[in-house]
Amino acid sequence: MMKNPTPQQVALLTALIIAGAGGGLFVFASIISIWFNSFVLSLFFSVALFGLAYFISIYYLREYLYRKIKVIYKTIHQQKLSPGERHTVIDMKSHIVDEVEREVEQWAIDQQNENDKQKSWAEYRRKFVGDISHELKTPIFNIQGYLHTLLEGGIYDEEVNMTFLKKAVKNVERLHTIVEDLSTISRLESGELILDMQVFDIHQLTEEVFDDLEFKAAVKNIKLEFKEGASLGYKVRADRESIRQILMNLLHNSIKYGNPNGRTKVGFYDMDKNVLIEVADNGIGIPPKHLNHVFDRFYRVDKSRSRAQGGSGLGLAIVKHIIEAHKQTINVRSTPNVGSTFGFTLEKA
């Protein structure tokens with residue numbers, strides 16, 4: 001049998017076999033009919049000839065389709081077929097070609113989606129590495145400058161040495177913050193962070209965060225307070241320390257980018273099964289073109305101002321990952337020179 005015949009070759013081979021077998025049967029049937037003068041025998045051999053032609057055609061078509069389809073499946077399937085699967089008989093009653101066509105089309109779609117995903121991840125990794133390099137470069141460059149100045153004689157100048165050492169320490173702390181935040185976001189993205197779910201009062205936790213940030217707010221004379229109607233707390237079910245981290249980040253940002261003598265208010269809203277927590281300020285606000293990117297890693301609305309005030313540029317990205325780990329949502333509304341409102345939901349206990 002030919003190894004990889006074309007449809008034309010299959011048809012030609014089948015026709016030759018049928019013609020040969022049919023011719024032999026016809027001659028034999030004619031002799032028998034003349035000999036016995038029997039119409040029944042002649043009809044019997046005619047039916048036999050039809051059956052022979054049918055089964056020969058089915059056999060070669062099955063073998064032809066099996067070979068071709070096997071090659072297709074070897075191409076589109078990653079799994080190695082078991083011996084039993086290799087010798088599966090094709091059901092000639094089914095629309096086998098249509099089924100294979102559908103599978104190939106789905107395979108092509110899956111391959112395209114996988115390629116798009118790989119390109120997206122490659123671009124994401126490239127941008128991420130570039131962002132990390134850029135964020136680390138500034139504090140490292142600053143530390144190098146301060147230390148070299150001290151080594152070149154500044155260490156003996158009392159008006160310079162302590163100032164430069166303090167500035168070097170400040171940049172080391174910034175490096176430490178970046179590394180810690182990178183470690184945190186890595187655990188969040190890999191699913192390694194295990195949430196310690198518990199029931200607690202969100203109002204009480206917010207008061208604790210207010211106390212922790214009281215000094216920073218006082219420096220700019222920014223008031224931290226609850227919105228009207230938020231004096232009563234809500235019991236929520238979440239990881240308490242993770243939610244503390246979210247509130248610390250949002251409130252700290254509202255102070256950092258708030259106007260002197262401004263205010264930041266926290267409100268709670270009942271949403272049936274969830275509680276909406278909002279942190280609103282009357283600070284500088286965020287331009288509309290930046291709103292869709294504020295939760296991206298290392299994204300800064302005002303790069304020069306943000307870096308001058310410290311931080312890793314990962315705070316809001318961490319906040320978003322923590323909220324998503326709780327299977328909840330977070331959003332932002334903002335208008336330049338009016339203020340910003342960050343809202344997130346938690347499950348009500």
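If you check 266, 294 for being of a type in the set (Val, Ile, Thr), closer than 30 Å to residue 198 by Cα and modelled with pLDDT of 90 or more, only one passes: 266.
Being at negative phi, aromatic (Phe, Trp, Tyr) and surrounded by fewer than 17 Cβ atoms within 10 Å (Cβ to Cβ) is the requirement here; does residue 215 meet it? Walk me through it before giving the result.
On the way: at negative phi: yes; aromatic (Phe, Trp, Tyr): yes; surrounded by fewer than 17 Cβ atoms within 10 Å (Cβ to Cβ): yes.
Yes, satisfied.
Annotation: of all residues in segment 240-250 being buried (at least 19 other Cβ atoms within 10 Å of the Cβ) and out of contact with any strand residue (DSSP E or B) (no Cβ under 6 Å at 6 or more places or on another chain), the one that is nearest to residue 207 (Cα to Cα) is 247. For segment 210-226, a residue qualifies if it is touching a His at 6+ places or on another chain (Cβ under 8 Å) and assigned to a helix (DSSP H, G or I), and exactly one does: 216.
Residue 223 meets each of the listed conditions (1) farther than 15 Å from residue 340 by Cβ; (2) surrounded by 14 or more Cβ atoms within 10 Å (Cβ to Cβ) apart from (2). Any chance segment 114-131 includes a residue that's assigned to a helix (DSSP H, G or I), among the polar types (S, T, N, Q) and at pLDDT 80 or above? Checked against the condition, which is being assigned to a helix (DSSP H, G or I), among the polar types (S, T, N, Q) and at pLDDT 80 or above, segment 114-131 yields at least one hit. Among the residues in segment 298-317, are any at pLDDT below 95, more than 28 Å from the chain's Cα centre (by Cα) and crowded, with 19+ Cβ neighbours inside 10 Å? No, there is no match, as no residue in segment 298-317 is at pLDDT below 95, more than 28 Å from the chain's Cα centre (by Cα) and crowded, with 19+ Cβ neighbours inside 10 Å. Pairing each residue of segment 212-241 that is within 21 Å of residue 262 (Cβ to Cβ) with any residue that is part of a loop (DSSP other than H, G, I, E, B) and at pLDDT 95 or above, provided the two are 6+ apart or on different chains, yields no C-beta distance under 8 Å. Taking segment 185-204 as the range and being more than 32 Å from the chain's Cα centre (by Cα) and not polar (S, T, N, Q) as the test, the residues that pass are 201, 203. Give the residue, chosen from 177, 163, 206, 184, that is in the same structural domain as residue 343 (by TED's automatic domain parsing), in a helix (DSSP H, G or I) and not aliphatic (A, V, I, L, M). 206 is the lone residue from the list that is in the same structural domain as residue 343 (by TED's automatic domain parsing), in a helix (DSSP H, G or I) and not aliphatic (A, V, I, L, M).
The values are calculated or read from the model by the stated rules, or taken from the named source; none is laboratory data. In this text, all values refer to a predicted model and were calculated from it rather than measured experimentally. Positions of Cβ are generated from backbone atoms using ideal geometry, with glycine treated the same way; all protein chains shown enter the neighbour counts.
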